[in-house]
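Following: one structure in structure tokens, then a few remarks.
FYI, it's all coordinate maths here, none of it is from the lab. Source: prediction; values computed, not measured. Here the Cβ is made from the backbone with ideal geometry for all residues, glycine too, and neighbour counts use every protein chain on show.
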2 protein chains.
Amino acid sequence: MHPDRLSLTFAALADPTRRAILVRLSSGARTVTELAAPHDMSMPAISKHLRVLERCGLIERSREAQWRPCRIKAAPIKEAVDWMEQYRRHWEESLDRLEEYLQELQKEKPHGRRKK
Amino acid sequence: MHPDRLSLTFAALADPTRRAILVRLSSGARTVTELAAPHDMSMPAISKHLRVLERCGLIERSREAQWRPCRIKAAPIKEAVDWMEQYRRHWEESLDRLEEYLQELQKEKPHGRRKK
DNA sequence: GGGGCGTTTAACCATTTGGTTAAATACAGA
DNA sequence: TCTGTATTTAACCAAATGGTTAAACGCCCC
């Protein structure tokens, strides 16, 4: 189970069908049938994907007669990008941290059965 | 099954334990034992998480004596951020696309059992 | 009020995921 | 070679995921 929204968002983005739906929605709101059309998949399957996207706040659904148009919401994406950018700089810096680390290990080794 | 790396990357990021590991690695390479320490979880569980991170290229492991130090790799993160940024602008713009869309639906409705 | 369209729910299924414990592997050092 | 430490593999399990088909629900329109 993923309790936090960040986990839910990344999980939602991990499926190509759901990403395709988001891309489609980036050009405006769409009905479920319209979203389903490009995918070789049953309607209930699409409905489930939409529920996953809704659960983490990536889309919102409203009612208009017999249609349930979906539109995208940017907030969770922003949170995800923010999380990544927060560490990205460190990650890109740490290209050669391995070498440093190996040297550290070497220094510790020279015979020390040291705890922890 | 997720064939593409983007899906694998998002799936890897969807777990809090794995994100914590990445954060830890952002300050430099670490051994498996060191990475496991903060988590109330068995060693094999950590080993599996590391395999998930390795599968999508978020980390690399090497050998140094009996240790298998891990270091982070930025490339998959960059791909993920790039994917999100590519559409982020559209998403943030489409705040009120719902209204437009409802008007479109209205225009189509006025009795047309139209096939599509 | 009945027919038909759009959408969701229910029930089911196979696979994947995230964890466990116990055993195996790899290596260092005495 | 034996012992201890670091790590992975194997086997297992419960729960979540991603799909299916069949039935139900909601709403327009005649």
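Inter-copy label distances at B:GLU92, using a point 7 Å along Cα-to-Cβ, come to 1.8 nm with the shortest given first.
The 3J(HN,Hα) values that the Karplus relation (6.51, -1.76, 1.60; θ = phi - 60°) gives for the range B:17-23 are, in residue order, 4, 5, 5, 4, 4, 5, 4 Hz. Gly and Pro appear as x. In terms of other Cβ atoms within 10 Å, A:ILE77, B:ILE21 run from fewest to most in the order A:ILE77, B:ILE21. Taking Cβ atoms as reference points and 12 Å as the exclusive limit, the residues near A:ARG18 contribute a net charge of +3, counting Lys and Arg as +1 and Asp and Glu as -1.
Shielding of peptide B:16-23 by partners, expressed as the average count of other chain Cβ atoms within 10 Å per residue Cβ, is 3.
Plainly put, the tip 7 Å out from Cα toward Cβ on B:THR33 is 6.4 nm from that tip on each other copy, the closest given first.
Amide H contacts under 5 Å for B:ARG68: B:VAL32, restricted to partners 5 or more places along the chain or on a different chain, H placed in the peptide plane at 1.01 Å from N.
Net charge within 13 Å of B:GLY57 by Cβ-Cβ distance, Lys/Arg positive one each and Asp/Glu negative one each, not counting B:GLY57 itself?
Local charge sum for B:GLY57: +3.
Kirkwood radius, the range A:1-40, all distinct C-alpha pairs, inverse of mean reciprocal distance: 11.2 Å.
Each Lys or Arg adds one and each Asp or Glu subtracts one; over the other residues with Cβ under 14 Å from the Cβ of B:THR9, this totals +2.
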